[in-house]
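Just below is one structure, and these are the notes that go with it.
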There are 2 protein chains.
Amino acid sequence: MDGLMMDYPLTINAILNRARQVFPDKEVVSVLPSGAKHCYTYKDLYARVVRLSHVLRKLGAKPGDRIATFAWNHYRHLELYYAAPMSGFVLHTLNIRLFPEQLEFVVNHAEDAVVFVDASLVKAIEPLARKLKTVKHWIVMTEDGKLPETTLAPVSEYEALMKQASDVEDFPAVGENDAAGLCYTSGTTGNPKGVLYSHRSTYLHTLLAGQTDVLGLSERDVVMPVVPMFHANAWGQPYLLPNIGAKTVFAGSNVTPEALVKLIVSERVTYALGVPTIWNGLLQYLREHKTDLGELKHMVVGGSAVPRAMIEAFKKEFGILIIQGWGMTEMSPLGCTGRLMRRMEDWPEARQIDVLANAGIPCVGVEMKVVDPLGKELPWDGKSAGELLVRGPAIASAYFRNEEAKEQFTRDGWFRTGDVAFLDPDAYLHIADRTKDLIKSGGEWISSVEMENAIMACPGVVEAAVVSRPDPKWDERPVAYVVRKPGAATPTPADVVQHLTGKFAKWQLPTEEDIRFIEQIPRTSVGKFDKKVLRQQQRAS
Amino acid sequence: MDGLMMDYPLTINAILNRARQVFPDKEVVSVLPSGAKHCYTYKDLYARVVRLSHVLRKLGAKPGDRIATFAWNHYRHLELYYAAPMSGFVLHTLNIRLFPEQLEFVVNHAEDAVVFVDASLVKAIEPLARKLKTVKHWIVMTEDGKLPETTLAPVSEYEALMKQASDVEDFPAVGENDAAGLCYTSGTTGNPKGVLYSHRSTYLHTLLAGQTDVLGLSERDVVMPVVPMFHANAWGQPYLLPNIGAKTVFAGSNVTPEALVKLIVSERVTYALGVPTIWNGLLQYLREHKTDLGELKHMVVGGSAVPRAMIEAFKKEFGILIIQGWGMTEMSPLGCTGRLMRRMEDWPEARQIDVLANAGIPCVGVEMKVVDPLGKELPWDGKSAGELLVRGPAIASAYFRNEEAKEQFTRDGWFRTGDVAFLDPDAYLHIADRTKDLIKSGGEWISSVEMENAIMACPGVVEAAVVSRPDPKWDERPVAYVVRKPGAATPTPADVVQHLTGKFAKWQLPTEEDIRFIEQIPRTSVGKFDKKVLRQQQRAS
């Protein structure tokens, strides 16, 4: 017997419709390339999406075709987040930091029909354009309405098309299982793999992100997602914020500490999201300039492990709570967020920060298990590490047009994350490492992430990354790449080893020779430490 | 093109599984009839639901059969909330306050196969039992494990069955559209009408209830739903609280102010939910006994309009924020909750309380519109009143086995609430009245709810209800039934009219003869003012 409830489809349309009706006057603020601010409301956004839908349907794309973006965070990008799926297309957000050959692969693999490009990024994509066979139309998003000189063709300017478009609302019918979005993960090996989201998965991810204990965001917040819209759906913010009526602040292309501080203070931002690199830079800036962050009270930090020292510094020096997030493009992307539980409320601060330095507890709508190499489920005992598997209504069941990566999905419906992790009795996830980032020494494992965290807590250290080097006796040994404050001569290698002593078993400690100081740690296209490059450097040295 | 996300069914099973895995040690506290407390954890709940599932499947019910409950709020009732739908049955919560003929109608209409009854309620249902032809088995829930003397047959004791049941987990597969729950609305006219929830609608309602701006509940809360589990799913709390890991406190059958205060303080309740009557009684008690409510910070109050004076009193005298909720059994039931928006944060307190006295803004997942008698949509302008229509994934599309009430559902997929309402530009819902509770005087409307609210703010008034009386000249005129503090001789009718003057147009004011003092206001089975009875009294007088 079926229930007698409405067969109401879970679509992105419902989200924007809610923003229009319930929060028509809430604002979207975007910093433009010139530094000027653009500001309009969710009601304006809705009206523009109506027009943009007409624009998209006139470009010759067929239902289900991929509409790509190559852009920073701003209101036009947001318009595309809605207009593409609401018009029956699939929004494909291209990562602007991909290497050219990866970008070429991704556009051709997705068979993008149209690409929307920021004027400031036109030069970056031009050299590739002739290799992108499926692209029928280029649209440039400009600040001044003037199409720049370009070899892209055929090409149009965004606002020129918008002006000609009808303002009559006329969205085609969409079903909840229709494809809505496409993101490629920038894998560290092999070609990028695509994740094809549906309206339903996007809607459900928006509901799970809106839970009090997931992000805790409210209409009362002013939110700045520094996480790029070209990476993992900007962690779901472009859909969450209009749904709950929070004011949105987009920093655009200038994400220097100085620009971010100015924006946070002037727009009275209460809540920000981004990768650790951004906030680490901000932290140094705040200390040097003896300034603060106005009304900012919460930051969600994810994308790579958040150093404990950074959580402590923001809390103690600036009264800002860092909520660590863990997720994956394949998970829409939220998997865990880290908050204190009720029973921890009266713990000493140091112990609380230990908890906040974990990856957090599984979000509503995300099931987890850790398995041994034979697939047997391990207990949540705080020590049994194995591969982390996840399941839920906003998690991928396959990669887009990719048969080779099928083994990442189990037959009984779980996604293999490739992370080595354990869960503790309080349900906090501890990511030991990516499978490939573990260091195997003398038959035992050393966690590179743990060692990085410990080194980053050492006075004078700005950042650190740990990789393995081959060793004839021990198989592998840890090598630490350490960034000191500019111009500083301390800590010395001996200081670092001394700092680690007692925190790691003796056999795990790196030698002084294996502590290497560098100017900065190489990054991947999404701002994570690029250990592939470090390993290459290490082998070449 | 469909998305490539997991086909993960949205079921009640996923909720309990989450509670077991993520929050195994969080507690469910139940006050037993003797006053003793029972306490166990979500892990225990899960193990008991496994057993209860075996019990249910041995009672001869077929998949989809209705399993009824006739019970107060306690842990065994909670076990049934999960075991019935997770075993392929439909949980039908009988309202213990229904009149016998309504109860008979409801059980026979639903064709309940099994009824679970509290020992303390056995005598209440016995006289009806022989008329309930479909019931194959009665199960009595006792405190001491001893089956009371009863004419119910065949009859078993709950714990005796549980002891014999297997503890091996073995739930049948359920789909997200399978029926999961059944509640009847206690209509004020005609027979009660049934709403048949699905697993999907229940899961989605749980996600919407968990939004920061809907209830704002967290794992850090200790929650006491005083709203009965036999009424509108206890506003979704039995599913929400395990999903988010909040500790649950059930008051059982003793909901006197004294008992509630004791429980709130001893269990460190932070959040409570119930109808205005309960909290009004509590307020008088707190003032008389010069006591407070410990850690209680939030109360969700709904079921009928919340008097502004009550919101003000709890805020000013006890620092407790009342969040007004509006919903309907047909809506699972949450429709609106009332919180302040960002731009109201620095408003004067009196103006803030005015806002909190509205029904709130539409919850995530609930679409609303107000239409004129021809079905034309009216603007959200703070004055255009019409019938309120709602739509969403947790809203009924039909009544269970009821062809006559079809006109409450529009052809294009909306549910007609029967409420006269308007929405203001800030998206707050103002319920003017139930269509049938409006007073039509001289061709114009008087809102009984507004007048009740105004009278309840008059010093010395405990409660007030306003109904219409026929009038030869004006068609209808308002009559106010007013409860004063016990033994008090004021306010006088003149005082009440004086208090209303200026707040209502002159022609709307009741005469002094139409202010009538009574001992208490009659209630419906769910604790709302029973205006049907007042109208009868009024006509008889």
All strands (runs of 3 or more DSSP E) inside the range A:428-470 with 3 or more residues being on the phi > 0 side of the Ramachandran plot and touching a residue at least 40 places away in the same chain (Cβ under 8 Å): none
Of the residues A:GLY175, A:GLY145, which is at positive phi, surrounded by fewer than 16 Cβ atoms within 10 Å (Cβ to Cβ) and in a loop (DSSP other than H, G, I, E, B)? A:GLY145
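Results for (1) hydroxyl-bearing (Ser, Thr, Tyr); (2) touching a Cys at 6+ places or on another chain (Cβ under 8 Å); (3) within 18 Å of B:LEU334 (Cβ to Cβ); (4) open to solvent by less than 10 Å² (accessible area, probe 1.4 Å), shown as yes or no for each residue.
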residue	(1), (2), (3), (4)
B:PRO192	no, no, no, yes
B:SER201	yes, no, yes, yes
B:LEU204	no, no, yes, yes
B:GLY216	no, no, yes, no
B:ARG220	no, no, no, no
B:MET224	no, no, yes, yes
B:VAL227	no, no, yes, yes
List the pairs whose first member sits in the range B:159-170 and is without any contact (Cβ under 8 Å) to a residue 24 or more places away in the chain and under 12 Å from B:TYR46 (Cα atoms), whose second member is hydrophobic (A, V, I, L, M, F, W, C) and in a helix (DSSP H, G or I), and whose Cβ atoms are under 6 Å apart, counting only residues at least 6 apart or on separate chains? none
Residues to consider are A:LYS473, A:LYS528, A:LYS503; find the one that is open to solvent by 70 Å² or more (accessible area, probe 1.4 Å) and under 30 Å from A:VAL227 (Cα atoms). A:LYS528
Yes/no for B:SER441 being within 18 Å of B:PRO522 (Cα to Cα) and either among the charged types (D, E, K, R) or open to solvent by less than 40 Å² (accessible area, probe 1.4 Å) (or both): no
Which condition does A:LEU389 not pass, out of (1) touching a strand residue (DSSP E or B) at 6+ places or on another chain (Cβ under 8 Å); (2) at the interface with chain B (Cβ under 8 Å from one of its Cβ atoms), if it passes all the others? (2)
So, A:ASN233, is that one of a type outside the set (Ser, Thr, Tyr) and more than 8 Å from every other protein chain (Cβ to nearest Cβ) or not? yes
May I ask you to verify whether B:ASP372 is acidic (Asp, Glu) and open to solvent by less than 10 Å² (accessible area, probe 1.4 Å)? no
Need pairs with beta-carbon distance below 6 Å; first residue at positive phi and within the range A:233-250, second open to solvent by less than 10 Å² (accessible area, probe 1.4 Å) and among the aromatic types (Phe, Trp, Tyr); sequence gap 6+ or separate chains. A:GLY245/A:PHE23
Quick one: would you say A:ASN73 is among the polar types (S, T, N, Q) and over 24 Å from A:GLU159 (Cβ atoms)? no
Assess whether B:GLU403 counts as being away from chain A (no Cβ under 14 Å) and open to solvent by 30 Å² or more (accessible area, probe 1.4 Å). no
Criterion (open to solvent by less than 30 Å² (accessible area, probe 1.4 Å), under 22 Å from A:GLY338 (Cα atoms) and among the small types (Gly, Ala, Ser)) met by exactly one of A:ALA396, A:ALA421, A:ALA385: A:ALA421
Going by the conditions given, is A:ASP44 free of Cβ contacts under 8 Å to residues at least 24 places away in the same chain, under 27 Å from A:TRP138 (Cβ atoms) and not polar (S, T, N, Q)? yes
Residue under evaluation B:TRP72, criteria (1) under 18 Å from B:SER525 (Cα atoms); (2) surrounded by fewer than 24 Cβ atoms within 10 Å (Cβ to Cβ); (3) in contact with a Leu (Cβ under 9 Å, 6 or more places away or on another chain), criterion not met: (2)
If I filter the range A:483-491 for residues that are of a type in the set (D, E, K, R), open to solvent by less than 30 Å² (accessible area, probe 1.4 Å) and part of a strand (DSSP E or B), do I get at least one hit? no
For the range B:190-214, how many residues are within 8 Å of another protein chain (Cβ to nearest Cβ), touching a residue at least 60 places away in the same chain (Cβ under 8 Å) and more than 26 Å from B:ARG401 (Cβ to Cβ)? 4
So, in the range B:194-214, how many residues would count as being closer than 28 Å to B:LEU103 by Cβ and in a helix (DSSP H, G or I)? 4
Out of the residues in the range A:1-59 that are of a type in the set (Lys, Arg) and open to solvent by 30 Å² or more (accessible area, probe 1.4 Å), state the one that is nearest to A:GLU267 (Cα to Cα). A:LYS37
I'd like the residue in the range A:345-366 that is touching a residue at least 40 places away in the same chain (Cβ under 8 Å) and over 19 Å from A:SER447 (Cα atoms) and, out of all such residues, is surrounded by the most Cβ atoms within 10 Å (Cβ to Cβ). A:GLY365
From the set of residues in the range B:332-368 that are of a type in the set (Gly, Ala, Ser) and within 12 Å of another protein chain (Cβ to nearest Cβ), which is farthest from B:ASN453 (Cα to Cα)? B:GLY365
Test set (1) in contact with an Asp or Glu (Cβ under 7 Å, 6 or more places away or on another chain); (2) within 14 Å of chain A (Cβ to nearest Cβ); (3) not in a loop (DSSP other than H, G, I, E, B) - B:ALA14 fails condition number: (1)
Note on the range B:149-172: residues aliphatic (A, V, I, L, M) and exposed (fewer than 13 other Cβ atoms within 10 Å of the Cβ) are B:ALA153, B:VAL168
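The values are calculated or read from the model by the stated rules, or taken from the named source; none is laboratory data. What you see is a predicted model, and the numbers here were worked out from it, not measured in a lab. Virtual Cβ from ideal backbone geometry, glycine too; neighbours counted across all protein chains shown. For the accessible areas, the whole protein counts, side chains as well, though only heavy atoms, and no ligand, DNA or RNA atoms are used. Shrake-Rupley method; radii C 1.70, N 1.55, O 1.52, S 1.80 Å.
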